[in-house]
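So the structure is just underneath, and the comments pick up after that.
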Amino acid sequence: QAGRQASLLELERKPLLLLMDGHAMVHRAFHAIQQPMTTRATGEEVGGTYGFVNTFFRAVNDWNPSHCAIAFDMRGPTFRHKEFADYKAQRPSTPPDLESQFPKVQRLMEAFGVPIFEMEGYEGDDILGTLCRKAEEQGLDTIILTGDTDTLQLVTPAVKVALNYSVRERKLYDEAAVRERYGGLEPAQFIDLLALMGDSADNVPGVPGIGEKKRDAYGREFVDLIAEYTR
């Protein structure tokens, strides 16, 4: 497995863009560090910031990107809320100790000269999708660093997704790895899979009776079902 992961990174040494999903990475780092981490001077919680920086340094060291950028969500409704009023309606509010981490990470990114992208009415995921497609048009390879499996729909020959499971553990997905994980499903079909299954975290309903268990039980048949729905 380690050898295969290394081979995924033996790109043609074209310029490499490292895109970071700011909210997903800070959120994952905050919950991964079990012990409270606070500053001596003010007592502010900094565990999410510390975990994020460790992940960022490791990614830069491993992949030596020529370009970096980070995307964040903004407060307020997005175009999805306008389309579906109950979007994310059941999601609990962000804990104050986590909320305070995002400005800290943004200040650090500014200090490192990493461009920060955010836009009213859109999520960070939308920005990541736009940036990686623009990079592909300009001949750059891209690695998206995130903890959100929804991002796998963006995988192409030029775009890979590194899913962080913790501060130290991650897996790099190319097209073959997506097919392996989802029983032959192509990355371009992933959006159809999500539409059929729905997303309880975002309060998005799916087709009744179709979910993770159904997908795992039927394997190839599930992929064929998606193809039937999307003809």
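The values are calculated or read from the model by the stated rules, or taken from the named source; none is laboratory data. Just so it is clear, the structure is predicted and the values come from calculations on it, not from any experiment. We place every Cβ from the backbone using ideal geometry, glycine too, and count neighbours over all the protein chains shown. Each accessible area value is taken on the protein alone, full model and side chains, heavy atoms only, with ligands, DNA and RNA left out. Shrake-Rupley method; radii C 1.70, N 1.55, O 1.52, S 1.80 Å.
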Item to complete: Treat each spin label as a single point 7 Å out from the Cα along the C-beta direction, and report the V60 to A176 distance in nm.
Response: 3.1 nm
Item to complete: Report the label-to-label distance for Q35 and E99 in nanometres (one decimal), using points 7 Å from each Cα along the Cα→Cβ vector.
Response: 2.8 nm
Worksheet item: At a probe radius of 1.4 Å, what is the per-residue accessible area of R58, in Å² to the nearest 10?
Response: 90 Å²
Item to complete: Quick one: which residues, 5 or more positions from F117 or on another chain, have an amide H under 5 Å from its amide H? H modelled 1.01 Å from N in the peptide plane, none for Pro or chain starts.
Response: I70, A71, F72
Worksheet, complete the sentence: Diffing segment 178-186: the Karplus 3J(HN,Hα) column from phi (6.51, -1.76, 1.60, θ = phi - 60°), in whole Hz with x for Gly and Pro, holds 5, 4, 5, 6, 10, x, x, 5, 7
Worksheet entry | Alpha-carbon Debye profile of segment 95-177, log10 I(q)/I(0) at 0.12 Å⁻¹ | -0.42
